[in-house]
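The values are calculated or read from the model by the stated rules, or taken from the named source; none is laboratory data. Just so you know, these numbers come straight off a predicted model, no measurement behind them. In this analysis, Cβ positions are derived from the backbone assuming ideal geometry, glycine residues included, and neighbour counts consider all displayed protein chains.
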Amino acid sequence: MSGTMCSPNFEFLKTEDDLLYEYVMRAERYVFEDPNTCLMKLRQFSEYMTQQVAIAFSLDTEDRKHVDLINDLYHERVFSPEISQMTHSLRKEGNMLSMHIHFRRCAMLYSSLR
């Protein structure tokens, strides 16, 4: 999955979960080159990590929104206030970026039709 990418910062994840490792490796790769892609990879990392933690603590994840899982993990005292705040921040920033990209594409499409 990750090819030749490697990082001393996240190498410990490689043996734990391939997808988590892939997301942070991509985020690290794009941090300076393409910050928007970096943010989207961090948001994906956060969402997948939240789902995996919820599953590990036997919380229902089926048809649950990311925001609800974060709140459940916080209320169950699995996530500390800091982790909860960080995952909410990544979720919100990722959502704002997605909306911005969507609106920019719509504007480009609209202007090309004129």
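Of the residues that sit in segment 76-94 and are assigned to a loop (DSSP other than H, G, I, E, B) and without any contact (Cβ under 8 Å) to a residue 12 or more places away in the chain, which one is surrounded by the fewest Cβ atoms within 10 Å (Cβ to Cβ)? Step through it out loud before you land on a result.
Our first condition is that a residue be assigned to a loop (DSSP other than H, G, I, E, B); within segment 76-94, this holds for 76-80.
The next check asks that each one be without any contact (Cβ under 8 Å) to a residue 12 or more places away in the chain; those that pass are 77, 80.
Details: Arg77: 7, Ser80: 11.
Result: Arg77.
Looking at Thr37, Thr50, Thr61, which is the one that is free of Cβ contacts under 8 Å to residues at least 24 places away in the same chain and within 12 Å of the chain's Cα centre (by Cα)?
On the way: Thr50 fails: free of Cβ contacts under 8 Å to residues at least 24 places away in the same chain; Thr61 fails: within 12 Å of the chain's Cα centre (by Cα).
So the residue among Thr37, Thr50, Thr61 that is free of Cβ contacts under 8 Å to residues at least 24 places away in the same chain and within 12 Å of the chain's Cα centre (by Cα) is Thr37.
Being exposed (fewer than 15 other Cβ atoms within 10 Å of the Cβ) and hydrophobic (A, V, I, L, M, F, W, C) is the filter here, so list the residues in segment 49-66 that pass it.
Ile55, Ala56, Phe57
Do we have Leu73 as at pLDDT 90 or above and part of a helix (DSSP H, G or I) here?
Values: at pLDDT 90 or above: yes; part of a helix (DSSP H, G or I): yes.
Judged against the criteria, Leu73 is a match.
How many of the residues making up segment 12-48 are among the acidic types (Asp, Glu) and crowded, with 17+ Cβ neighbours inside 10 Å?
From segment 12-48, those among the acidic types (Asp, Glu) are 16-18, 22, 28, 33-34, 47; that's our starting set.
Adding the requirement that they be crowded, with 17+ Cβ neighbours inside 10 Å leaves 22, 47.
Of the residues in that region, 2 qualify.
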